[in-house]
Every structure is written in structure tokens, then in C-alpha cells.
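J.: Got a structure for you, questions after.
The values are calculated or read from the model by the stated rules, or taken from the named source; none is laboratory data. This one's a predicted model, so the numbers in the text were calculated from it and none came from an experiment. Ideal geometry is used to build each Cβ from the backbone, glycine not excepted, and the neighbour counts take in all protein chains shown. Just so you know, the surface numbers come from the protein's heavy atoms only, side chains and all, with ligands and any DNA or RNA stripped out. Shrake-Rupley method; radii C 1.70, N 1.55, O 1.52, S 1.80 Å.
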Amino acid sequence: MTLGPARPGRRRAVLSGGSVPLALTVLQILALDIGTDLLPALALGAEPPRGTTMRRRPSTGALIDRAVLRRAFGVLGPAEAVVAMSAFLVVLGLARWTFGATPAVSVLAGASGATFAAVVLGQLANAFACRGESRWAGALPVGDNRLLLGAVAVELVLLGVFLAPPLAGVLGGSPPPPAGWVMAVPAVPIVVLADAADKALRHRTSAMTKRHSTITARDTRHGSRGIRGTSPGVVPGQELKAGHGRECEAEALDCVPFMTRIGTLRSVQRRLDTGVPGIRPGL
């Protein structure tokens, strides 16, 4: 697909077989990056620290690592893209556009405006979702970052300015139809819920990993400790008797089998002390 020359307020799409028109123009993308997205991104830098910030291990990795890329391209980005492209295609579909056909300029401009609105609203939700690394947006106090609230208010004002004539025509779009707004507004809850689901899944996975590591470390520690009281010069059962209280306090799940072994060894010790036919005491 190529875009032919157009006067302000006009856009002509020349389509080849099996293609769709562009959802956003270059000027609309610049308006998103420089206009609507700039202030919320800066306001996130003023996010107040949480009570557990100094208790966590400091981050010493790269600024852009695998976790950041996974979150951007695997969770937040796809959620926002699905809503934006759905708004674009629904507006075109309601105008009876078919795949590979050339839509009317006014229809394409309205669909592009719906896409623009969906992206801006998705960015708004993304700003609140990025306030915490492990807690979802609804678990954080809204009024803690007043700069973010002001930046979001400015973002909404800029959304109205960029979608209103004559600036919308200069950028290559127009105010979206009612169906476009119906498809664009859900970008806010969808992005927030996608972020919340991802954080809940990561929290559950992390908890399971820590539990598995704890069990493995406990089993390894007990396996290397072996049965006490078998070293030369130590009466069987005495060392176990002295340490079984600490064992039960530290690992409650192992108390029953551990105390069973203690009872067996005590029985053997009593038989040795009282004397058994054929066994010389003190062995």
C-alpha cells in the first residue's frame, strides 16, 4: 500500500490486492510519541517509593532486560494493539468495507481517528499500570502521584485537540464515529486487566518456585545430616535426644518420623543398659 499526495484534511489510499489501509499516519504517530505520551512518561519518574523499596535487593541489571521486553511486547503492547486495530476494522466494517477494497476518504479518516483514540486511552491505562512492578494499578493509591494525574488530564485534553478540526485533518484523521468510541474506550480496562493478570501469574510462579527451592534445600540438608548418634564414643540416642527439640522447631513436618527414630534408639539403649543375654553391656 502507498499513500498518494494529499492536501490538509484529505487522504487517498492506493491499495494493492490483499492489503489494508494504514491505521495511523506518520503525523499521528509523531503526535502520539511527542504529544500525548511524553508527560505521563515523565510523571512516572516522580512516583513515590513504597515502604518495601529499601528492603529489596537493588537492581543491578541492564535497563532493558528480558523482563522489560516480555512485558512490553508480550503483555501491554499486544493488549493495546488488539483494541486499536479492532476499533479500526470495526469502523471500516460498519461502512461496508471489504478486504482489499478502497475505503472512502471520510470513512478511513474516521477509522484512523478511532485508532488514535484507542492508542491514547491505552497509554493512559499503561501509565497507571507501570506505577508498580508487582502490584496492579487498583492496589496503589491514586492520589500519591499528583504529577501523573495532571499529566493524564493534559493527555485527555490533547486527545480532544488532536481529534478536533482542523488539526485532525492536518494529521490525517477525523473525530471517530460513535462506534469508534465504543471500541476505543475499552482500551483502559483491557490494558489494566492484562497487566493485573500478568502480575498475578508472575507472583504465583515466583511463590511456587520459592516453595520448591525451600523444600529442595530442606531435603538436601536433612539428607546430608544423616542419623545422629552413630559417631565413635557417642551413645546412640543421646545426641538425637539433645537435638530433636531444635529439629522439630525448625522443621515441624519432620517431627513425627524423627521422634519415631528417637523412640527406637531409646529402646535399643535401654536393652543395652539392662543387659541382654548374649550381648555384653557397653557395646
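J.: In the full protein assembly as shown, how much of ASP33 is accessible to a 1.4 Å probe, in Å² to the nearest 10?
T.: Accessible area of ASP33: about 90 Å².
J.: Out of the total accessible area of region 122-170 (probe 1.4 Å, heavy atoms of protein only), what percent is carbon and sulfur?
T.: Values: 1700 of 2440 Å².
Whole-percent figure for carbon plus sulfur exposure: 70.
J.: First measure r as the distance between the Cβ atoms of LEU63 and MET85, then evaluate 1/(1 + (r/R0)^6) with R0 = 35 Å and state the FRET efficiency to the nearest 0.05.
T.: Working: r = 29 Å, r/R0 = 0.84.
The formula returns an efficiency of 0.75 here.
J.: Give the residue list of trypsin sites (Lys or Arg not before Pro) in region 96-189 that are DSSP loop and have at most 11 other beta-carbon atoms within 10 angstrom.
T.: Numbers: sites: ARG96, ARG131, ARG135, ARG146; in loops: ARG96, ARG131, ARG135.
Listed in order of number, the matching sites are ARG96.
J.: As a test of the definition: which semi-axes, in Å, follow for region 143-206 when you take the square root of five times each eigenvalue of its alpha carbon gyration tensor? Largest first, please. Please list the in-between numbers first.
T.: On the way: eigenvalues 198, 61, 16 Å².
Calculated on Cα positions only, the semi-axes equal 31, 18, 9 Å.
J.: Collect residues whose amide H, placed 1.01 Å from N in the peptide plane, falls under 5 Å from the amide H of SER19; neighbours closer than 5 in sequence don't count.
T.: Here GLY100 satisfy the definition.
J.: What are the ³J(HN,Hα) values, in whole Hz, obtained from phi via the Karplus relation 6.51 cos²θ - 1.76 cosθ + 1.60 with θ = phi - 60°, for each residue of region 101-115 in sequence order, with x given for Gly and Pro?
T.: Running phi through 6.51 cos²θ - 1.76 cosθ + 1.60 with θ = phi - 60° gives 8, 9, x, 5, 4, 5, 5, 5, 5, x, 5, 5, x, 5, 5 Hz.
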